[in-house]
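Rule-based calculations on the coordinates, nothing more; no lab input. Worth saying up front: this structure is predicted, and the values here are computed from it rather than measured. Cβ placement follows ideal geometry from the backbone for every residue including glycine, while neighbour counts extend to all protein chains displayed.
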Amino acid sequence: MTSFDRPHLYIGGEWVPPASTETIAVENPATEEVLGHVPAGTAADVDRAVAAARAAFPGWAASSSRAEVLDRLHASLSSRAAKIAETVGLELGAPLKIAKAVQAGLPLAVLRSYADLAARPVSERTIGNSLIEHEPIGVVGAITPWNYPLHQVVAKVAAALAAGCTVVLKPSELTPLVAFLLVDAADEAGVPAGVLNVVTGTGPVVGAAIAGHPDVDMVSFTGSTATGRAITHAAADRIAKVALELGGKSANIILEDADVTRAVKVGVGNAFLNSGQTCTAWTRMLVHRSHYDEAVALAAKTADGYTVGDPFDENTRLGPLVSKAQRDRVLGFVERATARRVTGDPSLPAKGHFVAPTVFADVDPASELAQEEIFGPVLSIIPFASDDEAVAIANNSKYGLAGGVWGSDERALAVARRLRTGQVDVNGGSFNPVAPFGGYKQSGVGRELGEFGLSEFQQVKAIQR
Ligand code: NAD
């Protein structure tokens, strides 16, 4: 037993033993030591959790105290902020400074925003003789990945709860521990029994059971495009709604009249945030030919300045990747690449799943390096000669999640409008936790965060009078 062992599932407002005694070991990716164990849930556990969520739904949907409950949940989760950062530092390998600011700070901000939205009086809307009502969609299955393990959970759970839905959550089997802190907080805050249920386990067992469950009204998923496709197929049989936040291959466009130094430095930081394990990462840096050599040299120098290592050392900028499988996958892309590698030190510690920040220049926009989501600290630099060419290269992707544009304001905004992506930051515009977040093309369906995220969990009804 370690202090991180969590032997029970949370179903119907109680910590209950799972149907099976099998467990999943959670690894510290920086040391390769086992941190703790969580239940390997089964379809029987999912059945119980869905039944609890279904039973709780009418009461929660009709409740007038959702805002107060979310307020209390925010207070009890906030009191765990230090523990959240430490847990994500341990199970994901996120450097502590970033873990505090992003892995703990962002979900707290998102939860705050949903407590506020739940408190907002519902405005009566009419269209002609119709009264327009927004109603919670029902029981939501939430399936989340490991890269922002609490943020991705809260983005779904807080929005669904604010809308009046009840939830069965399956966190990633690689980083399940932080989700238990949310459940501890929910238990302490008096979230009514059955409103939030958690079943840990693997994707093919627990995730698939949720996605295919006849009594789950909507599946909200974040993760790979391949799994998003499988979930969509599973939900299609019963015409259940899916909301999908999937992969990306975002472009950072540095125009002729950009502040090149800032654009490159911020761009490298964005690409390598969370060791490159970020769906919105600007992994393609597109640079106008007039600045190309300067940008390549600066990107390599910036990457070389990043300290890789122990997440709990305050000088560390890049921790390990989440798992050996993820590291092997990323190194596979690096080894197969034919572009010019300008930096990337392969001599990293033998222990821990570390990958050095790696920069490739002269990358063919059609190559694997420029087309596939690598999900590691690997940046591809591509030259262009005109704004039109930059837009064409940026949009030449099966994905459409995010992007950046740098240049004089009007010109950069014009380019931003032409990108087929759900988010674009112009001249370093900062992340907005209440702005709609989601993807075009194979980056997803639907939007998360803020009021757009809340409405994803609602049905719209027209009553004629
Ligand atoms: P994944 O899609 O396999 O896993 C995400 C979640 O889905 C996990 O909780 C997993 O258990 C669950 N899952 C897996 N198979 C399932 C199934 N058949 N039915 C239902 N649920 C299932 O992603 P991963 O293996 O953790 O990462 C693989 C790749 O996905 C990464 O290399 C990266 O490219 C991408 N990814 C993207 C994001 C993002 O935010 N866009 C996040 C994580 C991973």
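Listing for the model above:
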item: Radius 10 Å from Cβ of ALA163, net charge of other residues (Lys, Arg +1; Asp, Glu -1); result: -1
item: Principal-axis tilt of helix 66-78 within the chain, Cα atoms, nearest 10 degrees; result: 50 degrees
item: Helix 324-336 axis, angle to the chain major axis (alpha carbon atoms, nearest 10°); result: 30 degrees
item: Long-range lysine pairs (8 or more apart or interchain), segment 237-377, Cα under 25 Å; result: 5
item: Relative intensity, log₁₀ I(q)/I(0), of the chain from a Debye sum that treats every alpha carbon as a point, q = 0.06 Å⁻¹; result: -0.26
item: Summed side-chain charge close to THR200 - residues other than THR200 whose Cβ falls under 15 Å, Lys, Arg +1, Asp, Glu -1; result: -4
item: Whether segment 29-85 is rounded, prolate or oblate, judged on the alpha carbon gyration tensor where a/c under 1.5 counts as rounded; result: oblate
item: Helix axis angle, 409-418 relative to the chain longest principal axis, alpha carbon, degrees; result: 60 degrees
item: Residue order, fewest to most surrounding Cβ atoms within 10 angstrom, among LYS265, LYS156; result: LYS265, LYS156
item: Sorted by Cβ neighbour density within 10 Å, fewest at the top, the residues ILE382, ILE24, ILE137; result: ILE24, ILE137, ILE382
item: Segments 94-102, 79-87 sorted - mean Cβ within 10 Å per residue, highest first; result: 94-102, 79-87
item: Sorted peptide list for 249-257, 33-41, 362-370, criterion being average Cβ within 10 angstrom, highest first; result: 249-257, 33-41, 362-370
item: Three-way shape call for segment 33-170 based on the alpha-carbon gyration tensor, with the a/c threshold at 1.5; result: oblate
item: MRE, 222 nm, helices only [DSSP H, n ≥ 4, -39500 (n - 2.57), over the chain, to nearest 500]; result: -11000 deg cm²/dmol
item: Order of TYR114, TYR399 - criterion: other Cβ atoms within 10 Å of each residue's Cβ, fewest first; result: TYR399, TYR114
item: The chain: relative contact order in percent, alpha carbon pairs under 8 Å with at least 6 residues between; result: 18 percent
